[in-house]
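Step one of this worksheet: look at the structure below.
No value in this document is a laboratory result; all are computed from the given coordinates. Quick caveat: nothing in here was measured; it's all calculated off a predicted structure. When we count neighbours, we look across all protein chains shown, and the Cβ atoms used for this are built from the backbone with ideal geometry, even at glycine.
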């Protein structure tokens, strides 16, 4: 019997509904922060989402949340940048294309001039197929550990 195709759904979560999904989202964002979180605690992300300084997105596969992403809008003197800040979860290959499409459409609605993804080097290879190019490299030296 042929396998039923997976149902993929990408949705943004309104700030007043974040508490409804937080118990699942918290663990997914912790995965992202473990890899590249600058010592940030997931609890410090929640107020940013609730005050709409950041936005929360979910990737659902067959109605199950498999990934959580956070985004932000950054205003510079001449441009507005829509940035993916955190992405934590599984099954990226099943939802990343739909997320890229929805995020770009949302960014255009917000008046953004640029979309960018902040992440580890492996994302540069993955996102090339969505016409995203490596723009810069960040070098870092930790001066003190976060508390």
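Taking other Cβ atoms within 10 Å as a rough exposure proxy, 141, 4, 41 sort from fewest to most as 141, 4, 41. Within the stretch 8-130, antiparallel bridges make up roughly 85 percent of the DSSP beta bridges whose residues both belong there. Annotation for the stretch 7-56 versus the stretch 78-125: alpha-carbon center distance of 15 Å.
Summed over all non-identical Cα pairs, the Kirkwood treatment of the chain gives a radius of 16.3 Å.
Per DSSP H run of n ≥ 4, the term is -39500 (n - 2.57); total these for the chain, divide by its residue number, and report the mean residue ellipticity at 222 nm rounded to 500 deg cm²/dmol. Don't skip to the answer; put the middle values down first.
On the way: 4 runs with 50 residues, N = 147.
That calculation yields -10500 deg cm²/dmol at 222 nm.
Springs join every pair of Cα atoms under 10 Å in this Gaussian network model of the chain, and among 84, 42, 21 the largest mean-square fluctuation is at 21.
Bridges between two residues of the stretch 60-119, per DSSP, are antiparallel at a rate of about 75%. Annotation: the residues 81, 137, sorted from fewest to most other C-beta atoms within 10 Å of their own C-beta, follow the order 137, 81. Put in line by how crowded their Cβ is, counting other Cβ atoms within 10 Å and starting with the fewest, 24, 66 read 24, 66.
For the chain, the relative contact order comes to 23 percent (Cα pairs under 8 Å, sequence separation of at least 6).
How long are the semi-axes of the ellipsoid equivalent to the stretch 81-147, from square roots of 5 times the Cα gyration tensor eigenvalues, in whole Å, largest first?
On the way: eigenvalues 110, 49, 34 Å².
Each semi-axis is √(5λ); the values are 23, 16, 13 Å.
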